[in-house]
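Everything below concerns the one structure shown next.
The values are calculated or read from the model by the stated rules, or taken from the named source; none is laboratory data. Predicted model only: the values in this text are computed from it and were never measured. Using ideal geometry, Cβ is built from the backbone for each residue, glycine included, and neighbour counts are taken over all protein chains shown. With ligands, DNA and RNA removed, areas are computed over all heavy atoms of the protein, side chains included. Shrake-Rupley method; radii C 1.70, N 1.55, O 1.52, S 1.80 Å.
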Amino acid sequence: GNSVTQMEGPVTLSEEAFLTINCTYTATGYPSLFWYVQYPGEGLQLLLKATKADDKGSNKGFEATYRKETTSFHLEKGSVQVSDSAVYFCALSDRSETDKLIFGTGTRLQVFP
Amino acid sequence: GAGVSQSPSNKVTEKGKDVELRCDPISGHTALYWYRQSLGQGLEFLIYFQGNSAPDKSGLPSDRFSAERTGGSVSTLTIQRTQQEDSAVYLCASKRVRRGEAFFGQGTRLTVV
């Protein structure tokens with residue numbers, strides 16, 4: 001079945017450090033891939049997405065590239081800020097009739113000044 | 001409304017009691033999903049509505065769980081005879097169309113004591 005695996009946290013970084021959060025997936029067919037972010041006390045928000053192989057999603061300085069050959073969608077940011085502290089979820093949509101999202105377990109990022 | 005609204009935001013209930021969780025999707029959104037976020041787990045899919053019908057109930061964990069949607073709008077998730085393992089955050093998401101972007105509510109934190 002479809003599944004998403006992402007690195008466990010917490011990830012602790014100093015401000016302006018480089019961020020990578022690894023995400024790999026298992027899926028039949030060609031899923032769409034997403035990163036969602038959950039800031040403290042808030043609901044899940046879509047951060048970025050990619051719908052086909054080699055697509056790069058980007059938003060707010062974050063990037064992720066859909067790599068079919070390695071079944072990966074790693075999240076990167078060149079210089080993190082304290083305000084990026086949140087929980088990040090990698091997800092895929094199964095493109096079935098339901099088109100439901102299948103999530104990883106989430107990675108907590110803590111950025112210190 | 002401006003976003004997906006869920007109520008209550010927090011619910012503490014005694015084991016064995018029934019609870020109802022409410023979701024008000026964004027106006028005009030035809031697709032509605034319920035997910036559950038348990039401690040240390042990712043988000044797991046529970047049920048999908050298209051309009052008032054639920055073509056995919058495959059994620060409901062037991063027959064104690066049920067959901068309905070009326071008027072193509074408000075949805076209610078009901079858990080009967082609650083158990084401690086039902087403690088989790090229950091999230092609702094809506095989409096304008098099935099393959100569109102999912103918008104999430106802030107969730108209902110359910111604690112069964």
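Does B:G28 satisfy the condition of being over 12 Å from the mean Cα position of the chain (by Cα) and on the phi > 0 side of the Ramachandran plot?
Spelling it out, B:G28 is indeed over 12 Å from the mean Cα position of the chain (by Cα) and on the phi > 0 side of the Ramachandran plot.
Any residue that is more than 20 Å from A:P40 (Cβ to Cβ) and either at the interface with chain A (Cβ under 10 Å from one of its Cβ atoms) or touching a residue at least 40 places away in the same chain (Cβ under 8 Å) (or both) - is there at least one of those in the stretch B:64-73?
Checked against the condition, which is being more than 20 Å from A:P40 (Cβ to Cβ) and either at the interface with chain A (Cβ under 10 Å from one of its Cβ atoms) or touching a residue at least 40 places away in the same chain (Cβ under 8 Å) (or both), the stretch B:64-73 yields at least one hit.
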Original post:
For residues in the stretch A:87-113 being assigned to a strand (DSSP E or B) and over 15 Å from the mean Cα position of the chain (by Cα), which is surrounded by the fewest Cβ atoms within 10 Å (Cβ to Cβ)?
Top reply: A:F112
Original post:
When you scan the stretch B:81-105, how many residues do you find that are at the interface with chain A (Cβ under 9 Å from one of its Cβ atoms) and either farther than 19 Å from A:L48 by Cα or free of Cβ contacts under 8 Å to residues at least 24 places away in the same chain (or both)?
Top reply: 3
Original post:
Among the residues of the stretch B:45-57, which ones are closer than 14 Å to B:T78 by Cα and either touching a Cys at 6+ places or on another chain (Cβ under 8 Å) or surrounded by 20 or more Cβ atoms within 10 Å (Cβ to Cβ) (or both)?
Top reply: B:L46, B:I47
Original post:
Scanning the stretch B:5-44 for residues that are open to solvent by less than 20 Å² (accessible area, probe 1.4 Å) and either hydrophobic (A, V, I, L, M, F, W, C) or in contact with a helix residue (DSSP H, G or I) (Cβ under 7 Å, 6 or more places away or on another chain) (or both), which turns out nearest to A:Y88 (Cα to Cα)?
Top reply: B:L43
Original post:
Does any residue in the stretch A:18-44 that is in contact (Cβ under 8 Å) with a residue 60 or more places away in the chain come within less than 7 Å, Cβ to Cβ, of a residue that is among the aliphatic types (A, V, I, L, M) and open to solvent by 50 Å² or more (accessible area, probe 1.4 Å) six or more places away or on a different chain, and which pairs are these?
Top reply: A:I21/A:M7
Original post:
Are there any pairs with C-beta distances below 8 angstrom linking a residue in the stretch B:1-19 that is more than 19 Å from B:V113 (Cα to Cα) and within 12 Å of chain A (Cβ to nearest Cβ) to a residue that is open to solvent by less than 30 Å² (accessible area, probe 1.4 Å) and among the polar types (S, T, N, Q), with the two at least 6 apart or on different chains, and if so which?
Top reply: B:V4/B:S94; B:Q6/B:T108
Subject >> Residue in the stretch A:74-86 that is open to solvent by less than 50 Å² (accessible area, probe 1.4 Å), among the β-branched types (V, I, T) and away from chain B (no Cβ under 14 Å) present >> reply: yes
Original post:
Of all residues in the stretch B:77-103, which are in contact with a Lys or Arg (Cβ under 7 Å, 6 or more places away or on another chain) and open to solvent by less than 30 Å² (accessible area, probe 1.4 Å)?
Top reply: B:I79, B:T82, B:A88, B:V89, B:Y90, B:A102
**OP:** Please go through the stretch A:97-113 and pick out each residue that is more than 8 Å from chain B (Cβ to nearest Cβ) and of a type in the set (S, T, N, Q).
**Re:** A:T107, A:Q110
